[in-house]
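Sharing a structure here in structure tokens format.
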Amino acid sequence: MVSRQEQRLTPQGFLSGMAKKSFENALARLEQITAELEDGQQGLETSLKKFNEGIELVRFCNQKLSEARQQVDLLLKEDGTLQNAAFAEDEDGDQELPA
């Protein structure tokens, strides 16, 4: 018997729940695809399908992360009060706190 978690992680289970797709579910499926591809037991055609599914999941996760970054405000203590500060990234995507 397949658990609900395992069913959601199959391509059919994941893709059938597109409306319910979350960052966490997409990341879990991406990790599963990575493990399957690293295992090397898949045929070329199956591997390519999984690779393409993985690319779509990466795009979805990147979109969700970008949306989350836009919503983040950093609070800095300045003169004893908290002030909002812009969320800044360097060219590598790392966050840096304003001085």
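Based on this model, can you work out whether GLN41 counts as free of Cβ contacts under 8 Å to residues at least 24 places away in the same chain and outside any helix (DSSP H, G or I)?
Judged against the criteria, GLN41 is a match.
Testing GLU31 on (1) of a type in the set (Asp, Glu); (2) surrounded by 14 or more Cβ atoms within 10 Å (Cβ to Cβ); (3) free of Cβ contacts under 8 Å to residues at least 24 places away in the same chain, one condition comes back false. Which one is that?
Among (1) of a type in the set (Asp, Glu); (2) surrounded by 14 or more Cβ atoms within 10 Å (Cβ to Cβ); (3) free of Cβ contacts under 8 Å to residues at least 24 places away in the same chain, the lone unmet condition for GLU31 is (2).
If the requirement is being touching a helix residue (DSSP H, G or I) at 6+ places or on another chain (Cβ under 9 Å) and at pLDDT 95 or above, which of these qualifies: ARG29, ARG4, ARG8?
Matching residue, one of ARG29, ARG4, ARG8: ARG29.
Examine region 80-94 for a residue that is surrounded by 12 or more Cβ atoms within 10 Å (Cβ to Cβ), at pLDDT 90 or above and among the aliphatic types (A, V, I, L, M), and state whether such a residue exists.
Here is the first cut: in region 80-94, the residues surrounded by 12 or more Cβ atoms within 10 Å (Cβ to Cβ) are 83, 85, 87.
Next, from what is left, pick out any that are at pLDDT 90 or above: none.
No; the residues of region 80-94 include none that is surrounded by 12 or more Cβ atoms within 10 Å (Cβ to Cβ), at pLDDT 90 or above and among the aliphatic types (A, V, I, L, M).
The values are calculated or read from the model by the stated rules, or taken from the named source; none is laboratory data. These numbers come from a predicted model, not from an experiment. Neighbour counts are summed over all protein chains in view; Cβ atoms, including those assigned to glycine, are modelled from backbone coordinates with ideal geometry.
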